[in-house]
Amino acid sequence: MSERDPLALGSAVLLALNRIARDARLTPCLETRLIEVAAGLTYREIARSHGISVNTVKTEVRALLQALGSHCRHEIEDAVTAARARAQDGTTAEDLYQFLRLRLE
């Protein structure tokens, strides 16, 4: 499993991201983009895996950022990197959710 594979995020981080998506009332498409961006996938990798254009991915990620109140995708990547480190130290999914919620507001 590649470090950039969304499953490599770990179950606690994925649960926290799913809750963030629910709270933000993201569409299933934007929830998927959240997880892909969190995993560090490039626009091109996301587009290729879904058979869509890079411009479509950029538009979807802009909508995701707006819904989360974030300014750039790197805010998501940085927050999730920090959350992954906390998860390895045994932090619960609930605590990761609180951590990510504060970082992504």
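Structure notes:
- 10 Å binning of all Cα-Cα separations within the stretch 6-104, expressed as whole percents from 0 upward: 17, 53, 26, 4
- Helical content of the chain, expressed as a calculated mean residue ellipticity at 222 nm, amounts to -22500 deg cm²/dmol (DSSP H runs of 4 or more residues, -39,500 (n - 2.57) each, divided by residue number, nearest 500).
- Contact order, relative form, for the stretch 6-104: 40 percent (alpha carbon pairs under 8 Å, 6 or more residues apart, mean separation divided by residue count).
- Residue ranges 17-25, 43-51, 31-39 sort as 31-39, 17-25, 43-51 when ordered by packing (mean number of other C-beta atoms within 10 Å per residue, highest first).
Every read-out reported here was derived from the displayed coordinates using simple, explicitly stated rules and does not represent laboratory data. Please read these numbers as outputs of a predicted model, since none were measured by experiment. Positions of Cβ are generated from backbone atoms using ideal geometry, with glycine treated the same way; all protein chains shown enter the neighbour counts.
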